[in-house]
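K.L.:
Once you've had a glance at the structure underneath, I'll fire off some questions.
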Amino acid sequence: MNTPDTGSFGQEEIQASREVRYRVDKGSVSGIYSSRLSESIKASIRQVIRITRSDPFLLITATRLLSVQKRAAARREALATEGLQVPPVVMFSLTHQCNLACHGCYMRSLHRAETPEMTSDQLMDLVSECVDLGVSFLVMAGGEPLVRRNEILMLARAYPDLIFAIFTNGLLVDESLATEFGKLPNIVPILSIEGTEEMTDSRRREGTYEAVLLALSLLKKHHIFFGCSVTVTRENYPDVTGDQFIQEMIVHGCRLFAYVEYVPIDEGTRGLLISDEQRSDLNRYLSGFSDQYPALFIGFPGDEENFGGCLSAGRGFIHINPSGDLEPCPAAPFSDVNVTRVSLRDALGSDFLARIRSNHEMLTESGGGCALWTNRKWVSSLLTERKI
Ligand code: SF4
């Protein structure tokens, strides 16, 4: 595939992405991390407005969502004065089910598949509470979230002011689903890819790379705002941090790049963990890419350093597993409360989450990249036997 020159990208768009990175870096962490997080969410949406200005449909939506973010942030701040910590982001693992069996898949390693999954009604009630509490956007993952595509479409139609970031392997994206996504600009599909065809297929399955490219072309055809997600390992690092990979993904229409550091849930895969040098370089690269390309570049957990470390346990996000257990993070499957038994508001008052947040020193990123996974013995020790 031939590589296009970068001159084709608009200076204003590049200036916008430079702005986002500058904001975050300049304001390194203080106690006001939650308002900084709200600011960085708004800054990201402003950049999306610039990227989508050539598409009136997406531009109108992004502009409306920016005003929604302001109201949501104000709602969270009001609840904070009442002592309730509402994170701007709620991560849902909608299902255990998946049509792939990738090496090192955290869901397959951590979560018991036999537990019953939340019903459509329970999901609808939960998302309704998210809106009432001022949550800004939902990350929907799994397993493969699109095995519950009808519920995702139902929820996005019911709550057009909420952003749904769908982390999917892309294999279930077809013409009819792309058509539906095209009508719901508050859905942002983010397709997983490991870098080259060889790397993607060796971790996922033969033919996955081609299937993902086909899905990207369908999303581009329907003028959807979408992106790609890369699990960054020591092996694929040179490829996925290279200009060729990024330029190819931009040609395929990606306008958001999520770099998720690999967490060695399977002890035998520690060798895949990126090195400390790669980690510090990655944060620098992502800033450089924001200067160079008209796209949003997000590093996880790298960007958390701008907010004083790990944003789990409600500082920036929480995780709800398929059966409704509220957990501090997808990589920390520990919980003292289930949202099918109590309201989300009450669940956010979880003593377990509060104790994690109040031990800030344990949340600063350690050698393993994921503070909670690295300190999982300490996390589980905080858990009281009693489960509400
Ligand atoms: S697609 Fe995702 S959930 Fe499914 S096996 Fe692969 S990593 Fe796991």
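The values are calculated or read from the model by the stated rules, or taken from the named source; none is laboratory data. Predicted, not measured: the structure shown is a model, and the values here were computed from it. Backbone-built Cβ (ideal geometry, glycine too); neighbour counts: all protein chains shown. Please note that ligands, DNA and RNA were not included when accessible areas were found on the heavy atoms of the full protein model with its side chains. Shrake-Rupley method; radii C 1.70, N 1.55, O 1.52, S 1.80 Å.
K.L.:
Could you list, in sequence order, the residues of the range 341-388 that are open to solvent by less than 60 Å² (accessible area, probe 1.4 Å), among the hydrophobic types (A, V, I, L, M, F, W, C), out of contact with any Phe, Trp or Tyr (no Cβ under 7 Å at 6 or more places or on another chain) and modelled with pLDDT under 90?
P.N.:
Result: LEU363, CYS370, ALA371, LEU372, TRP373.
K.L.:
Would you call LEU84 surrounded by fewer than 19 Cβ atoms within 10 Å (Cβ to Cβ), more than 17 Å from ASP161 (Cβ to Cβ) and touching a residue at least 24 places away in the same chain (Cβ under 8 Å)? So that I can check it myself, show each step before the final result.
P.N.:
Working: surrounded by fewer than 19 Cβ atoms within 10 Å (Cβ to Cβ): yes; more than 17 Å from ASP161 (Cβ to Cβ): yes; touching a residue at least 24 places away in the same chain (Cβ under 8 Å): yes.
Here the answer is yes, as LEU84 does meet what is asked.
K.L.:
OK, next. Given the structure, is GLY170 open to solvent by less than 20 Å² (accessible area, probe 1.4 Å), within 12 Å of the ligand (Cβ to nearest atom) and at positive phi?
P.N.:
Values: open to solvent by less than 20 Å² (accessible area, probe 1.4 Å): yes; within 12 Å of the ligand (Cβ to nearest atom): yes; at positive phi: yes.
Yes: the conditions hold for GLY170.
K.L.:
Filter the range 188-198 down to the residues that are more than 12 Å from the ligand (Cβ to nearest atom) and either open to solvent by 40 Å² or more (accessible area, probe 1.4 Å) or among the acidic types (Asp, Glu) (or both) and list them by number.
P.N.:
THR196, GLU197, GLU198
K.L.:
Within the range 82-128, how many residues turn out to be within 16 Å of the ligand (Cβ to nearest atom) and part of a strand (DSSP E or B)?
P.N.:
3
K.L.:
Scan (1) open to solvent by 10 Å² or more (accessible area, probe 1.4 Å); (2) in a loop (DSSP other than H, G, I, E, B); (3) within 16 Å of the ligand (Cβ to nearest atom) for the single condition PRO185 breaks and write down its number.
P.N.:
Every listed condition holds for PRO185 apart from (3).
K.L.:
For the range 213-229, state whether one or more residues are closer than 26 Å to LYS42 by Cα, open to solvent by 30 Å² or more (accessible area, probe 1.4 Å) and without any contact (Cβ under 8 Å) to a residue 60 or more places away in the chain.
P.N.:
Scanning the range 213-229 turns up at least one residue that is closer than 26 Å to LYS42 by Cα, open to solvent by 30 Å² or more (accessible area, probe 1.4 Å) and without any contact (Cβ under 8 Å) to a residue 60 or more places away in the chain.
K.L.:
Ok, one more. Could you check the range 327-337 and list, in sequence order, the residues that are out of contact with any Leu (no Cβ under 7 Å at 6 or more places or on another chain) and either surrounded by fewer than 23 Cβ atoms within 10 Å (Cβ to Cβ) or among the charged types (D, E, K, R) (or both)?
P.N.:
First, pick out the residues of the range 327-337 that are out of contact with any Leu (no Cβ under 7 Å at 6 or more places or on another chain): 327, 330.
Once the filter is applied, which keeps residues that are out of contact with any Leu (no Cβ under 7 Å at 6 or more places or on another chain) and either surrounded by fewer than 23 Cβ atoms within 10 Å (Cβ to Cβ) or among the charged types (D, E, K, R) (or both), the range 327-337 yields only GLU327.
K.L.:
Right, here's the next one. Which residue out of GLU206, GLU248 is surrounded by fewer than 22 Cβ atoms within 10 Å (Cβ to Cβ) and in a helix (DSSP H, G or I)?
P.N.:
Values: GLU206 fails: in a helix (DSSP H, G or I).
Just a single option satisfies the conditions, and that option is GLU248.
Results for (1) modelled with pLDDT under 95; (2) more than 16 Å from the ligand (Cβ to nearest atom); (3) outside any strand (DSSP E or B), shown as yes or no for each residue.
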site: ASN150; (1), (2), (3): no, yes, yes
site: ARG157; (1), (2), (3): no, yes, yes
site: PRO160; (1), (2), (3): yes, yes, yes
site: ALA211; (1), (2), (3): no, no, yes
site: LEU218; (1), (2), (3): no, yes, yes
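K.L.:
Follow-up question, since we're still on this one. Here are some residues: ILE320, ILE298. Which one is under 25 Å from SER35 (Cβ atoms), open to solvent by less than 10 Å² (accessible area, probe 1.4 Å) and modelled with pLDDT of 90 or more? Full working, then the answer.
P.N.:
On the way: ILE298 fails: open to solvent by less than 10 Å² (accessible area, probe 1.4 Å).
Just one listed residue meets the conditions, ILE320.
K.L.:
Additional query: Might you let me know whether the range 129-139 holds any residue that is within 15 Å of the ligand (Cβ to nearest atom) and either modelled with pLDDT under 90 or not aromatic (Phe, Trp, Tyr) (or both)? Spell out the reasoning first.
P.N.:
Just the residues of the range 129-139 that are within 15 Å of the ligand (Cβ to nearest atom), to begin with: 139.
Narrowing further to those that are either modelled with pLDDT under 90 or not aromatic (Phe, Trp, Tyr) (or both): 139.
Scanning the range 129-139 turns up at least one residue that is within 15 Å of the ligand (Cβ to nearest atom) and either modelled with pLDDT under 90 or not aromatic (Phe, Trp, Tyr) (or both).
K.L.:
What is the residue count in the range 169-200 for residues that are within 18 Å of THR95 (Cα to Cα) and among the hydroxyl-bearing types (Ser, Thr, Tyr)?
P.N.:
1
K.L.:
Restricting attention to the range 266-280, which residues are among the β-branched types (Val, Ile, Thr) and either surrounded by 19 or more Cβ atoms within 10 Å (Cβ to Cβ) or touching a Lys or Arg at 6+ places or on another chain (Cβ under 9 Å) (or both)? Working first, answer last.
P.N.:
Within the range 266-280, the first condition is being among the β-branched types (Val, Ile, Thr), and the residues that meet it are 269, 274.
Correct list: ILE274 only.
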